[in-house]
Every structure is written in C-alpha cells, then in structure tokens.
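The block underneath contains the structure these notes are about, expressed in structure tokens.
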Amino acid sequence: MGFLDPAVSDYLTELAAHQRADATLDDMESRAREHGFPIVGRAVGVFLELIVRSLGAQRVMELGSGYGYSAYWFARAVGATGHVICTDGDARNAQLAERYLTAADL
C-alpha cells in the first residue's frame, strides 16, 4: 500500500492532470504504462515542482533520471535560467529524455 489512501491518490492525480494538461506528459505516462517503467506520476510531479520552487532552487541533480519524467517537473520549477542535471546508466533513456524535454520546451 502507498502513502496515500487510493481515493485521495486518484483525486490528486486527476486534479494534477486537469491543471497540467500536456501532450508530452501524456506520451511519457503512456510509455511508462506500456513498458512497466516506474515514474512518480502527476500528483507527485506537481509536489516536486512545488518543493523545488519553494526552495528557490536553480540547480537540481537527479540520479537515475530514466527518460526524464521527474526532470520535466524539476525543469518547470527551475525555469529557463535554471539547470537540471540528469544521470542514467542507459544511453537510450538519455536520448528519450532529451527528446521529451525538448518537445516540452524545457
């Protein structure tokens, strides 16, 4: 069982989807479902963005970035003048992350 009651988690996920409608996120989430790839999801993504913004962070380093789902939220938080450093052991994930983040104009 997760940290949240499933009904609360479902509500937050639906709310985040309405607040952050984005074709790139939709594509990333579809990939995760199709390939059984773990991602944090929109509700946690919004939370990550909020935390990074509230700290005023301009640099984020992510270890194990996968194909950039969490990096998407970090990049939104640090803005155009900030930097997100992504790491992953699979070069294909790095290529996918670059493609997704470019498509999202991040």
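The values are calculated or read from the model by the stated rules, or taken from the named source; none is laboratory data. All of these numbers come straight from a predicted model, not from anything done at the bench. With ligands, DNA and RNA removed, areas are computed over all heavy atoms of the protein, side chains included. Shrake-Rupley method; radii C 1.70, N 1.55, O 1.52, S 1.80 Å.
Taking segment 91-106, which residues are assigned to a loop (DSSP other than H, G, I, E, B) and at negative phi?
104, 106
Tell me, which residue of segment 69-86 that is open to solvent by 60 Å² or more (accessible area, probe 1.4 Å) and among the aliphatic types (A, V, I, L, M) is modelled with the highest pLDDT?
Once the filter is applied, the top-ranked residue is 85.
Within segment 87-106, count every residue that is open to solvent by less than 50 Å² (accessible area, probe 1.4 Å) and of a type in the set (Val, Ile, Thr).
The qualifying residues number 1.
Test residue 101 against the stated conditions and say whether it is modelled with pLDDT of 95 or more and under 14 Å from the mean Cα position of the chain (by Cα).
Criteria met by residue 101.
Out of everything in segment 25-59 that is of a type in the set (S, T, N, Q) and open to solvent by 60 Å² or more (accessible area, probe 1.4 Å), what residue ends up being nearest to residue 92 (Cα to Cα)?
58
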